Amino acid sequence: MNEEKANPDAFNESKAASIIRKAVLQREDSSKQYKSHGRDDLAETEIKEKDLLVKYLPAQLDQSQIDERLRAVLATLGASRSHLGMVLKAFFETVDKSTVDGQLVSTRAKALMAEK
């Protein structure tokens, strides 16, 4: 992770995955738009492109893996509910951002912090 900060213009696997993930989201959105306007032929093309792009993405951490890492961060920091930003920062320093869904991480962090 420190490499990204030292050389932000360097291209790496994480940036490539981010670009591919955006392309996948664009294909999903386009497919929905085409379907809503009765263009199933174009929607099908977008779906095929999305399916191809997904093959190049790294595997995502599942909820249990995210929870495990978040619990370790919470144990280390002893953070309270008001320290969500600090918890998320510490979490993302330990994982490749391309392997997690940021929204899921945030949701799970809030849930785990509420349990404390």
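Regarding T99, is this residue at pLDDT below 90, of a type in the set (S, T, Y) and at negative phi?
yes
Taking the residues in region 100-116 that are open to solvent by 50 Å² or more (accessible area, probe 1.4 Å) and over 13 Å from the mean Cα position of the chain (by Cα) as candidates, determine which candidate is nearest to I20 (Cα to Cα).
That would be K110.
Does any residue of region 24-43 turn out to be surrounded by fewer than 15 Cβ atoms within 10 Å (Cβ to Cβ), among the hydrophobic types (A, V, I, L, M, F, W, C), under 30 Å from F92 (Cα atoms) and in contact (Cβ under 8 Å) with a residue 24 or more places away in the chain?
Looking for residues that are surrounded by fewer than 15 Cβ atoms within 10 Å (Cβ to Cβ), among the hydrophobic types (A, V, I, L, M, F, W, C), under 30 Å from F92 (Cα atoms) and in contact (Cβ under 8 Å) with a residue 24 or more places away in the chain, one finds none in region 24-43, hence no.
Exactly one condition in (1) charged (D, E, K, R); (2) surrounded by fewer than 16 Cβ atoms within 10 Å (Cβ to Cβ); (3) more than 11 Å from the chain's Cα centre (by Cα) is not met by D96; state its number.
D96 satisfies all of (1) charged (D, E, K, R); (2) surrounded by fewer than 16 Cβ atoms within 10 Å (Cβ to Cβ); (3) more than 11 Å from the chain's Cα centre (by Cα) except (3).
So L74 ticks every box in (1) surrounded by fewer than 18 Cβ atoms within 10 Å (Cβ to Cβ); (2) farther than 25 Å from E13 by Cα; (3) among the hydrophobic types (A, V, I, L, M, F, W, C) but one. Which box is left unticked?
(1)
The values are calculated or read from the model by the stated rules, or taken from the named source; none is laboratory data. Quick caveat: nothing in here was measured; it's all calculated off a predicted structure. In this analysis, Cβ positions are derived from the backbone assuming ideal geometry, glycine residues included, and neighbour counts consider all displayed protein chains. Quick note on the areas: whole protein, heavy atoms, side chains included, nothing else; ligands and nucleic acids left out. Shrake-Rupley method; radii C 1.70, N 1.55, O 1.52, S 1.80 Å.
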